[in-house]
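Participant: Following this message is one structure expressed as structure tokens.
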Amino acid sequence: MESNGGDASRILREIETLKATKSEIEQRISALEAQLREIKVDHGNDAILNGSCPPISTNHSDFGHGLSPDMVYRYSRHLLLPTFGVQAQSNILKSSILVIGAGGLGSPALLYLAACGVGRLGIVDHDVVELNNMHRQIIHREEYIGQPKVKSAAAACLSVNSTINIVEHKEALRTSNALDIMSQYDVVVDATDNAPSRYMISDCCVVLGKPLVSGAALGLEGQLTVYNYNGGPCYRCLFPTPPPTTACQRCADSGVLGVVPGIIGCLQALEAIKIASTVGEPLSGRMLLFDALSSRIRIVKIRGRSLQCEVCGENATFSRLRFQEFDYEKFTQSPLSTSPLKLNLLQADYRISSKEYKEKIVNGEPHVLVDVRPQHHFKIVSLPSSMNIPLPSLETRLSEISSALEGESDEKGTNSRSGPQLYVVCRRGNDSQRAVQYLHKMGFTSAKDIIGGLEGWARDVDPNFPTY
Amino acid sequence: MGMAYGHNHAWESVFSFPIGGLELLCDSVKIHNVNVEPQDGAKKLDMKDLLTWVRGNLIKERPEMFMKGDTVRPGILVLVNDCDWELSGQLTTTLEDKDVVVFISTLHGG
Ligand SMILES: [Zn+2]
């Protein structure tokens, strides 16, 4: 058994090493292929200059648009559009766009922006690819699981279009680096997933005078608008005060149908392309609302730039220095990074670890286990013989807990000193603490929460227990 | 988003919570066709009256997720006939028969 375990981990290590080497080789091939194309184009010109070919054909720069023959062919369907044409394509090729977040929104946005030939395409992300990203973050391939999203996204973009310049910013966007990174681009695409990032990115765009294409998606709904464009409003004009943290749901908690951010991300690419090419009418001063469940899209008129806006208003004094010193996590009361909340509400003797709980099961100690997650979570996976009472209904279902405790005491006898114990579990160990706090207040003095919830159980007790 | 019912009652408003999970605060219903009477014999109904009515009649739980003071909480956009209520006078916006009022909670996810 010992040597089997050793073999498995050796093989896993070797697979990881090979995967990393493979992706590096693929990137190198893409880069070399791009260089080769350049050489071919130059060589063609040399031949003309040397007079070995009759000078009938002309240097492509003579047409004034700067597109090489390869480019004319690659982007021909754009060039054929009367409302787009060679001028707009030429603008795109000279433009630079920054996509912040290579997740559900950023995935399709990046692929389309790479495909359409954005001259310099920047990607900001500090996360690694995970299995539970794959259903919506379609830019990433399974072989990149565990690797940086920026690296994975850059390789995917290059495999679509090796002629563009991709810049990898493998770091979290902070007030300390945002000005430096964002100032290098013409257009910014906000494809992040949290409130403090949205305020920070919008403020930075105002300070730097950059248009911002902002998209969001959650559950079965999406929103899209363009901020700070041509005298239009900024994010703070619309939302001067951050919402309460309880109103800021995350995909990791509330879920999201994969295709919904996909649709919004595609629309973000479209708005960025319109701005970069100076074609059409960007979605500024208007907001698109998408309701996937009822197949409804509505576009509403929103307020213009607010004269009282603290960042872009008439008397605003929001400078680069102010920006760098601004505490966005404090302002929104929520963290910039996506790491889940870890509450610590209870005294130590109101809590037990998942390993300790496992021992209680093994020893057959009488107890009742209450799972306070929502019912649709409970249906995914649950611990054996746990009863599901979602936290919001706890108040009205206390009698069920009382009778379960009585039943347990009848069945297993009351010879143990304190009678059956009451344990509470949830997904990560936050709601279970809230529940235990309430249960103690209501006289359930044996109530304890299982630290770290079912995720802790999967990590420390049963690695085969599904997590989500 | 939806049509008002056909009878000619004054002050009939259709309003909905289509985006951002606000419908969870009122039994998961997104679209409500409601008849609201102006208060204290006033001739006109405004948004302040409607908010008071919504809070009293539709919000089933956690009113703080919908309102703060006498207006909507931060992070909610109010649209009257697809137009930001900032453009029509916020709480003083006068409502007409069959107006469509939409409350949107801003999303942050991606
Ligand atoms: Zn502003």
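Participant: Filter the range A:426-467 for residues that are in contact with a His (Cβ under 8 Å, 6 or more places away or on another chain) and open to solvent by 10 Å² or more (accessible area, probe 1.4 Å) and give the result.
Facilitator: Across the range A:426-467, the qualifying residue is only A:ARG427.
Participant: Then there's this: Go through the range A:258-267 and report how many residues are touching a strand residue (DSSP E or B) at 6+ places or on another chain (Cβ under 7 Å) and more than 7 Å from every other protein chain (Cβ to nearest Cβ).
Facilitator: 5
Participant: Anything in the range A:186-211 that is within 14 Å of chain B (Cβ to nearest Cβ) and either in a helix (DSSP H, G or I) or within 13 Å of the ligand (Cβ to nearest atom) (or both)? List them, or say none.
Facilitator: Result: A:ALA195, A:PRO196, A:SER197, A:ARG198, A:TYR199, A:MET200, A:ILE201, A:SER202.
Participant: For the range A:330-375, enumerate the residues that are open to solvent by 20 Å² or more (accessible area, probe 1.4 Å) and among the basic types (Lys, Arg).
Facilitator: A:LYS330, A:LYS342, A:ARG351, A:LYS355, A:LYS358, A:LYS360
Participant: Among residues belonging to the range A:206-216 that are open to solvent by less than 10 Å² (accessible area, probe 1.4 Å) and farther than 18 Å from A:PRO242 by Cα, point out the one that is nearest to the chain's Cα centre (by Cα).
Facilitator: Result: A:VAL213.
Residue-by-condition table, conditions (1) open to solvent by 10 Å² or more (accessible area, probe 1.4 Å); (2) touching a residue at least 12 places away in the same chain (Cβ under 8 Å); (3) over 16 Å from A:ARG74 (Cβ atoms):
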position	(1), (2), (3)
A:SER96	no, yes, yes
A:SER107	no, yes, yes
A:LEU111	yes, yes, no
A:LEU121	no, yes, no
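Participant: Looking only at residues that are crowded, with 16+ Cβ neighbours inside 10 Å and either among the β-branched types (Val, Ile, Thr) or near the ligand (Cβ under 10 Å from one of its atoms) (or both) in the range A:314-327, which one is nearest to the chain's Cα centre (by Cα)?
Facilitator: It comes out as A:PHE318.
Participant: Examine the range A:293-309 for a residue that is of a type outside the set (A, V, I, L, M, F, W, C) and open to solvent by less than 20 Å² (accessible area, probe 1.4 Å), and state whether such a residue exists.
Facilitator: No - not one qualifying residue is present in the range A:293-309.
Participant: Also: Would you pick out the residues in the range B:62-75 that are at negative phi and more than 8 Å from chain A (Cβ to nearest Cβ)?
Facilitator: Those that are at negative phi and more than 8 Å from chain A (Cβ to nearest Cβ): B:PRO63, B:PHE66, B:MET67, B:LYS68, B:ASP70, B:THR71, B:VAL72.
Participant: B:THR92 versus (1) more than 14 Å from every other protein chain (Cβ to nearest Cβ); (2) at pLDDT below 85; (3) open to solvent by 40 Å² or more (accessible area, probe 1.4 Å): which is the lone unmet condition?
Facilitator: So the condition that B:THR92 fails would be (2).
Participant: Are there any strands (runs of 3 or more DSSP E) wholly within the range A:386-468 with 1 or more residues that are basic (Lys, Arg), and if so which?
Facilitator: Because the criterion is at least 1 residues that are basic (Lys, Arg), the strands (runs of 3 or more DSSP E) in the range A:386-468 that meet it are A:447-450.
Participant: Among what's in the range A:289-313 and is farther than 30 Å from A:GLY255 by Cβ and out of contact with any Lys or Arg (no Cβ under 9 Å at 6 or more places or on another chain), pick the residue that is nearest to the ligand (Cβ to nearest atom).
Facilitator: A:ARG305
Participant: Among residues belonging to the range A:221-255 that are part of a loop (DSSP other than H, G, I, E, B), away from the ligand (no atom under 12 Å from the Cβ) and within 10 Å of chain B (Cβ to nearest Cβ), point out the one that is surrounded by the fewest Cβ atoms within 10 Å (Cβ to Cβ).
Facilitator: A:THR241
Participant: Check off (1) closer than 23 Å to A:LEU346 by Cα; (2) part of a helix (DSSP H, G or I) for A:VAL368 and give me the number that stays unchecked.
Facilitator: (2)
The values are calculated or read from the model by the stated rules, or taken from the named source; none is laboratory data. All of these numbers come straight from a predicted model, not from anything done at the bench. Don't worry about glycine lacking a Cβ; one is built from the backbone with ideal geometry, like all the others, and counts go over all protein chains shown. For the accessible areas, the whole protein counts, side chains as well, though only heavy atoms, and no ligand, DNA or RNA atoms are used. Shrake-Rupley method; radii C 1.70, N 1.55, O 1.52, S 1.80 Å.
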